[in-house]
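Read through the structure below, which is laid out as structure tokens, and then see the notes.
The values are calculated or read from the model by the stated rules, or taken from the named source; none is laboratory data. Quantities reported herein were computed from a predicted structural model and do not represent experimental measurements. Note that we place each Cβ from the backbone using ideal geometry, even for glycine, and neighbour counts take in every protein chain shown.
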Amino acid sequence: MSPPVKLLGTFSSGFSRRAEAALRLKGVPYELIQEDLSNKSELLLMHNPIHKKVPVLLHGDRAVCESLVIVEYIDEAFDGPPLLPIDPFDRATARFWARFIDDKCSTSFWLSLWTEGEVQKGFVKEFKQNLALLETQIKGKRFFGGDTVGYLDIAASGIAHWLPVFEEVASVRLVTDAEYPDLCRWAKEYTSHETIKESLPEREKLLAIFTAKKDFFMSTVKSMVPK
Amino acid sequence: MAGEKKGLVLLDYWVSPFGQRCRIGLAEKGLEYEYSEQELLGDRSELLLRSNPVHKAVPVLLHDGRPVCESLLILHYLDEAFPNSPPLLPADPYARAQARFWAAYSDKVYEVGTRLWKLRGEEQARARDDMVEVLGNLDGELGDKAFFAGEAFGFVDLAVAPFTPWLPSYGRYGGFSVEREWPRLAAWARRCAGRESVAKSLQPPEKVDEYINVLKKHCGIND
């Protein structure tokens, strides 16, 4: 019998929720341990000494860190419907776009939200270009994974569920049905998926949490904007 | 695809540590491929732009004309597309997770190293502190083992080895000596350099240092 699974995570973290989505899709029972990131637990610091971040998956005495590494681990360590495509080229493609989302999309999106004026215009342009590239990957497909939700859908979940909340907090509208019809259609499908919706935090609660942190979010871009 | 070149082609750049990861991987797996040197400081080739339109970067592996981008993804692809050749990644899911974590982490060596030779003043000092932390973490993970996963050369060694010829230069810009601060890591680097696939793929530190000078000129840095 497989040892128990615990997940160190938070309510609002999209990265933490990626791990939850994967566990639920695979039908793996788990215990969620809520972390207070302003007062990190011994358990978190012990099992993720390098990054000190959530999520951390604890499977018996194994600790797995980094959300996408965790999702692949869940796919490989447990039976259940595969999260990654079967074909090697499709797997490489899914991994490529997941990293694109984390490396390029997230950064340009964050900078688009919290900067102003000409600087903001530049980041908005960059983010929209990034999103246009991602849109090509979902055109004509129900999910990034095809007919079923998979690894890249999970990786893109931030765009589906967290992005609109951030837009509201920042009073910025970047992703419209008119400009990104396929991505917006996918977002609705993804967030209403029977299993996925159980892994998503309530929108109103996210809005409240992020609204309260608005000043902090704005302060984070100061060190990120190149001089 | 009709008319596409059959087999493996690696779009690469002589001194790219990311490209070298792929060269080492291909050698370890005994796979034949065509090496295609790319122009990075001048105009990029049509082939590179077509194969990696998103990042316009090397390495790119073309397999029967289809592109796979990003060094660590290429290594995964080689294992998955050529299952009858020696695997680069371990079989066990937890060992694979560890390997993925540390290989991805090691990208920081190049990222921080670039800040180290490019920036000056307080920003350079921050880069130095970050590099000390990264190398310390890698040294800590290696511990007293011969290789990152134990007795045998594996995925993390393959991922990190290409950065080793850059370390003497980084040490000069950062005012540290890898040999003195992290002797286990220094010994590991020598151990990897003794491996044929690695030795054949890496450039000597002198050439890397020359190349950093070329990059500095290219960026308008004159010191």
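Is there a residue being modelled with pLDDT under 95, over 18 Å from the mean Cα position of the chain (by Cα) and surrounded by fewer than 22 Cβ atoms within 10 Å (Cβ to Cβ) anywhere in the stretch A:20-43? The answer is yes, given that some residue of the stretch A:20-43 is modelled with pLDDT under 95, over 18 Å from the mean Cα position of the chain (by Cα) and surrounded by fewer than 22 Cβ atoms within 10 Å (Cβ to Cβ). Taken together, the residues in the stretch A:201-224 that are in contact with a Ser or Thr (Cβ under 7 Å, 6 or more places away or on another chain) and assigned to a helix (DSSP H, G or I) amount to 2.
Among the conditions (1) more than 18 Å from A:Lys197 (Cα to Cα); (2) crowded, with 18+ Cβ neighbours inside 10 Å; (3) in contact with a strand residue (DSSP E or B) (Cβ under 8 Å, 6 or more places away or on another chain), A:Glu66 misses just one, which is (3).
As a summary of the residue check, A:Lys26 satisfies the conditions (1) facing another protein chain (nearest Cβ under 9 Å); (2) of a type in the set (Lys, Arg); (3) touching a Phe, Trp or Tyr at 6+ places or on another chain (Cβ under 7 Å) except for the one numbered (1). Residue count for the stretch B:105-118 under the criterion of being of a type in the set (Ser, Thr, Tyr) and more than 12 Å from chain A (Cβ to nearest Cβ): the result is 2. Please verify whether the stretch A:156-175 includes one or more residues that are over 20 Å from the mean Cα position of the chain (by Cα) and more than 24 Å from A:Glu204 (Cα to Cα). No: the stretch A:156-175 contains no residue that is over 20 Å from the mean Cα position of the chain (by Cα) and more than 24 Å from A:Glu204 (Cα to Cα). Within the stretch A:65-115, if we keep just the residues that are of a type in the set (Asp, Glu) and closer than 25 Å to A:Phe127 by Cα, the residue that is nearest to the other protein chains (Cβ to nearest Cβ) turns out to be A:Glu66. Do we have A:Thr176 as more than 30 Å from B:Gly65 (Cα to Cα), among the β-branched types (Val, Ile, Thr), within 14 Å of chain B (Cβ to nearest Cβ) and surrounded by fewer than 19 Cβ atoms within 10 Å (Cβ to Cβ) here? The answer is no for A:Thr176. Go through A:Phe123, A:Phe89 for me and flag whichever is within 30 Å of B:Ala99 (Cβ to Cβ) and of a type outside the set (Lys, Arg). So the residue among A:Phe123, A:Phe89 that is within 30 Å of B:Ala99 (Cβ to Cβ) and of a type outside the set (Lys, Arg) is A:Phe89.
Being surrounded by 12 or more Cβ atoms within 10 Å (Cβ to Cβ), acidic (Asp, Glu) and not in a helix (DSSP H, G or I): is that true of A:Glu135 here?
Spelling it out, it is not the case that A:Glu135 is surrounded by 12 or more Cβ atoms within 10 Å (Cβ to Cβ), acidic (Asp, Glu) and not in a helix (DSSP H, G or I).
Using the structure shown, decide if A:Leu58 is more than 20 Å from A:Tyr180 (Cβ to Cβ) and within 14 Å of chain B (Cβ to nearest Cβ). Considered against the rule, which asks whether it is more than 20 Å from A:Tyr180 (Cβ to Cβ) and within 14 Å of chain B (Cβ to nearest Cβ), A:Leu58 comes out as yes.
Only a single criterion out of (1) modelled with pLDDT of 95 or more; (2) of a type outside the set (A, V, I, L, M, F, W, C); (3) farther than 22 Å from A:Phe11 by Cβ is not satisfied by A:His161, namely (3). Scanning the stretch B:45-104 for residues that are basic (Lys, Arg) and within 12 Å of chain A (Cβ to nearest Cβ), we see that the one that is nearest to the chain's Cα centre (by Cα) is B:Arg100. Here the helices (runs of 4 or more DSSP H) wholly within the stretch B:15-87 that include at least 2 residues being out of contact with any Pro (no Cβ under 9 Å at 6 or more places or on another chain) and closer than 14 Å to B:Leu158 by Cα are B:17-28, B:71-81.
Residues of the stretch B:47-69 that are under 17 Å from B:Glu37 (Cβ atoms), touching a residue at least 12 places away in the same chain (Cβ under 8 Å) and aliphatic (A, V, I, L, M): B:Leu47, B:Leu48, B:Ala57, B:Val58, B:Val60, B:Leu61, B:Leu62. When B:Arg172 is tested against (1) within 19 Å of B:Asp223 (Cα to Cα); (2) buried (at least 19 other Cβ atoms within 10 Å of the Cβ); (3) more than 14 Å from chain A (Cβ to nearest Cβ), only condition (2) is not met. Residues in the stretch A:178-196 include at least one that is part of a helix (DSSP H, G or I), of a type in the set (A, V, I, L, M) and touching a Phe, Trp or Tyr at 6+ places or on another chain (Cβ under 7 Å). Note on the stretch B:185-219: residues that are closer than 16 Å to B:Leu135 by Cβ, surrounded by 14 or more Cβ atoms within 10 Å (Cβ to Cβ) and among the charged types (D, E, K, R) total 0.
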